[in-house]
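Below is one structure; the comments refer to it alone.
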Amino acid sequence: MYCLSFLPIFLSAQINESDTATFRANLSLTGIWQEGNVQTLIFRAKSDVTYKPWKKWVYKTKNSYVYQAFGRQKADEDILSLNFLYFNPEKNVYPLLLGIVSTNFRRQIDLRYLMGLGATFQVLKKKDNWLKLSISSEYEETDFKQATFNRSRYNVSRTVKTLRSTLWVNGKHPIVKKKIILTHESYFQPSVSQGDNFRWRLEAGLNFPAWKFLDFKISYLHTYESIVIENQQLEDQFLTFGFTVKNY
């Protein structure tokens, strides 16, 4: 038997929409292919783009795709697209519109979308050291493949609809004389009318600059959903190692 593996690791950096540049973008690709006693295929792609269509407006889109198969059996195929439109993001407080679309094979989500509006507050505002808090309100609709949930009162329909309020926190902070950079993005997203329907997500990374356009990175991701298909776990955690590649 034989074993072949391929592992390019490029993890995208976090872009600050308050930067004055007209256009910024990055792309990450990760993959593993192993054949032989164990058959494994993992592919991940992530992009982050900000663009100024007009003088005071900034459009930001963050998109990711994940595919995993073990023994030629598909385990994951997920799409996540977060889209934000900001007005006057150079101010200390500025409004935003958002639209989010996602699918999740393992959690049996055919389609989830959110639409809403809110505001961002710049708590710390420096070029390489910043912290932002945002609050928003969204309408959400999630279509599952079946209607058998961990909480039986939701079993009446495969579609779960609700209004949500969201607290977002994200930032970038240099430490150890800029030899280590901490980045983080997180949110807490409860339903306004359903007290047992909420989710949260935390993503944090440590970047070790090696060159202007290249950092070594350790990344940690923790997600939680309170409403899932029956017998599924509520939490997922990921710890990854790689490199940050950027064009700015």
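No lab work stands behind these numbers, since they all come straight from the coordinates. Bear in mind the structure is a predicted one, so any value in this text is a computation, not a measurement.
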query = Within the set 126/217; 60/172; 55/178; 161/217; 74/179, which residue pairs have Cα atoms separated by over 29 Å?
reply = 55/178; 161/217; 74/179
request  = Over the chain, calculate the relative contact order: mean separation of alpha carbon pairs under 8 Å at least 6 apart, over the residue count, as a percent.
outcome  = 13
request  = Please report the relative contact order for region 114-173, taking Cα pairs under 8 Å with a sequence separation of at least 6, and give it as a percent rounded to a whole number.
outcome  = 37
remark   = In vacuo Debye sum over C-alpha of region 50-121, base-10 log of normalised intensity I(q)/I(0) at q = 0.12, 0.17, 0.22 Å⁻¹, listed in q order, is -0.45, -0.70, -0.92
task = Quick one, can you get me the convex hull of the C-alpha atoms of the chain expressed as volume per residue in Å³?
result = 132
ask   = Considering region 22-87, what Rg and Dmax in Å follow from its alpha-carbon atoms?
value = 16.8, 57
key: Tail beyond 25 Å, pair distance distribution of region 136-248 (Cα, percent)   = 40
query = Which residues' amide hydrogens lie under 5 Å from the amide hydrogen of residue 148, considering only partners 5 or more residues apart or on another chain, with H built in the peptide plane?
reply = 230
